[in-house]
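Working notes, beginning with the structure itself.
The values are calculated or read from the model by the stated rules, or taken from the named source; none is laboratory data. All values reported here derive from a predicted model rather than from experimental measurement. Heads up, the Cβs are rebuilt from the backbone with ideal geometry, glycines too, and the neighbour counts pull from every protein chain shown.
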Number of protein chains: 2
Amino acid sequence: MTEKTPALRRDAEHNRQRTLAAAREVFAARGLQATLNDVAHHAGLGVGTVYRRFPNKEALAEAVYTGKLDDIRAAAQAALAGQDAYVALRAFLELALEQAAADRGLRELMRQGTSDNEQIARARQGIMESCGRLIARAQKQGTMRDDITVGDIAPIVSMIDSVMDLPPAGAVRPWRRYLALILDGLRTRPDHGGRRPS
Amino acid sequence: MTEKTPALRRDAEHNRQRTLAAAREVFAARGLQATLNDVAHHAGLGVGTVYRRFPNKEALAEAVYTGKLDDIRAAAQAALAGQDAYVALRAFLELALEQAAADRGLRELMRQGTSDNEQIARARQGIMESCGRLIARAQKQGTMRDDITVGDIAPIVSMIDSVMDLPPAGAVRPWRRYLALILDGLRTRPDHGGRRPS
DNA sequence: CCAAAGTGGATATCGCTTATCCGCTTATGT
DNA sequence: ACATAAGCGGATAAGCGATATCCACTTTGG
């Protein structure tokens with residue numbers, strides 16, 4: 001909308017990129033609680049330089065993550081194209097959580113329901129909307145329990161998230177096992193015909 | 001072992017109890033990060049009084065929680081008496097997590113795998129031992145998937161824990177739903193005969 | 001070549017917790 | 001009742017770690 005970038009000096013722009021790159025790495029590795037000092041040092045810059053471009057950590061985080069979150073939202077929307085809604089939802093969640101697994105900062109951003117930035121809130125909203133549709137369709141297709149709702153997505157993500165730092169056992173990252181366990185639990189069982197067990 | 005309590009003045013003992021009671025309440029409500037100042041104020045005492053009896057927060061937390069944790073360990077051991085090991089394990093986990101649901105401090109204590117106090121570590125060890133046996137027996141009885149191990153208990157607890165603060169929807173606390181979902185997932189399915197699905 | 005833009009990083013500020021200190025109060029036993 | 005050891009309160013010292021600023025110096029680009 002209001003595009004008013006007063007043109008940055010060449011070196012300044014370069015340092016801006018270095019800052020963003022460093023922030024991506026540092027936030028991914030140590031989470032959003034990493035200090036801007038950390039980020040600056042990692043970028044080989046002084047703190048002042050970073051603060052010159054980004055008023056504070058939140059702004060930097062926003063710059064780093066809006067893109068990523070939009071990608072995920074796009075993936076969720078793309079999932080709507082699949083014909084088996086349960087399979088599509090499952091694939092989407094696996095993909096999204098794979099992203100999260102590689103980026104601590106992203107996880108922290110997803111977690112907090114309130115506060116946040118408006119852009120990010122909207123991305124999350126979009127994701128949830130798509131998930132909601134997938135759930136509804138899967139239920140219509142008879143592959144998902146009737147008592148599941150969109151409200152279950154966030155808790156499921158939260159649960160997997162809480163287990164994401166477990167050290168890989170052999171070739172498998174433990175969280176994948178648990179995700180599979182839970183997603184299996186969302187299916188209708190042949191013997192219960194759409195109703196939940198017990 | 002070294003029992004050397006040099007007899008406390010009557011009022012002092014009284015205040016000690018008040019401190020413990022206040023700590024139980026405050027830790028349960030706000031978690032272990034509550035300050036000793038909070039606890040003292042909640043007990044209607046000065047900070048100094050609390051520090052006179054307990055060298056620091058950790059000591060107070062230990063005094064508050066060793067009992068509770070031992071109860072849970074006892075429950076785990078008692079569960080070994082049940083004849084259906086899967087049912088017994090399930091009942092135990094429901095009970096233990098019910099405790100945790102009512103006590104934020106207890107949850108935080110359970111969570112951290114390392115550090116801690118020796119007593120507490122031992123309690124956790126005992127609990128895990130019993131769970132291990134229950135799992136082994138359930139598998140022998142053919143009611144639990146063969147690929148489950150004791151190592152899965154902590155992650156499961158962690159997952160439920162991460163979801164415990166969700167506001168009750170109607171009469172059910174959401175975490176109970178998710179716990180049921182996961183525990184169902186641990187069962188052998190009639191159609192898979194002890195092997196895990198897909 | 002010189003203004004404007006950019007840079008670095010020491011440091012002021014802040015918010016928060018933990019823990020101490022010490023003058024005053026209270027319990028207890030003789 | 002009185003002496004005295006034990007206990008009490010709570011202001012505040014000390015520590016900590018993060019955020020954000022400031023300004024003397026360097027670099028860019030017309």
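Summary table below
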read-out: Where A:GLU118 falls short, out of the listed (1) surrounded by 15 or more Cβ atoms within 10 Å (Cβ to Cβ); (2) out of contact with any helix residue (DSSP H, G or I) (no Cβ under 7 Å at 6 or more places or on another chain); value: (1)
read-out: Any hit, the range A:63-84, residues being more than 22 Å from A:ARG107 (Cβ to Cβ) and buried (at least 17 other Cβ atoms within 10 Å of the Cβ); value: no
read-out: Options B:ARG18, B:ARG53, B:ARG9, B:ARG73; residue that is near DNA strand C (Cβ under 9 Å from one of its atoms) and out of contact with any strand residue (DSSP E or B) (no Cβ under 6 Å at 6 or more places or on another chain); value: B:ARG9
read-out: Condition broken by B:LEU60, with the remaining ones in (1) farther than 30 Å from B:GLY132 by Cβ; (2) of a type outside the set (Asp, Glu); (3) outside any helix (DSSP H, G or I) satisfied; value: (3)
read-out: Single condition A:ALA78 does not satisfy, out of (1) within 27 Å of A:ARG90 (Cα to Cα); (2) within 16 Å of DNA strand C (Cβ to nearest atom); value: (2)
read-out: Residue among B:ALA76, B:ALA91, B:ALA121, B:ALA138 that alone is without any contact (Cβ under 8 Å) to a residue 60 or more places away in the chain and over 26 Å from B:ASP165 (Cα atoms); value: B:ALA138
read-out: Leading residue by the ranking (farthest from B:ARG9 (Cα to Cα)) among those in the range B:28-40 that are part of a helix (DSSP H, G or I) and within 11 Å of DNA strand C (Cβ to nearest atom); value: B:ARG30
read-out: Out of A:LEU134, A:LEU106, A:LEU60, sole residue that is within 16 Å of DNA strand C (Cβ to nearest atom) and either out of contact with any strand residue (DSSP E or B) (no Cβ under 6 Å at 6 or more places or on another chain) or not assigned by TED's automatic domain parsing to the domain that holds A:ARG177 (or both); value: A:LEU60
read-out: Pick from the range B:35-46, criterion surrounded by fewer than 20 Cβ atoms within 10 Å (Cβ to Cβ) and touching a residue at least 24 places away in the same chain (Cβ under 8 Å), ranking: nearest to B:ALA59 (Cα to Cα); value: B:LEU36
read-out: Filtered residue count, the range B:1-25, keeping only those that are of a type in the set (S, T, N, Q), more than 8 Å from DNA strand D (Cβ to nearest atom) and assigned to a helix (DSSP H, G or I); value: 2
read-out: Test: residue in the range B:122-133 that is surrounded by 15 or more Cβ atoms within 10 Å (Cβ to Cβ) and within 14 Å of chain A (Cβ to nearest Cβ); value: no
read-out: Of all residues making up the range B:175-187, the number that are facing chain A (nearest Cβ under 7 Å) and either touching a residue at least 24 places away in the same chain (Cβ under 8 Å) or over 20 Å from B:GLU108 (Cβ atoms) (or both); value: 4
read-out: The range B:47-59 residues that are farther than 16 Å from B:GLN33 by Cα and more than 14 Å from chain A (Cβ to nearest Cβ), paired with ones that are assigned to a loop (DSSP other than H, G, I, E, B) and more than 6 Å from DNA strand C (Cβ to nearest atom) (beta carbon under 9 Å, 6 or more apart); value: B:ARG53/B:LEU8
read-out: Flag if A:ALA28 is more than 14 Å from chain B (Cβ to nearest Cβ), within 13 Å of DNA strand D (Cβ to nearest atom) and among the small types (Gly, Ala, Ser); value: no
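Yes/no matrix, rows are residues, columns are (1) more than 12 Å from the chain's Cα centre (by Cα); (2) of a type outside the set (A, V, I, L, M, F, W, C):
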residue	(1), (2)
B:GLY67	no, yes
B:ALA76	no, no
B:GLY82	yes, yes
B:ALA88	yes, no
B:ALA101	no, no
B:ILE127	no, no
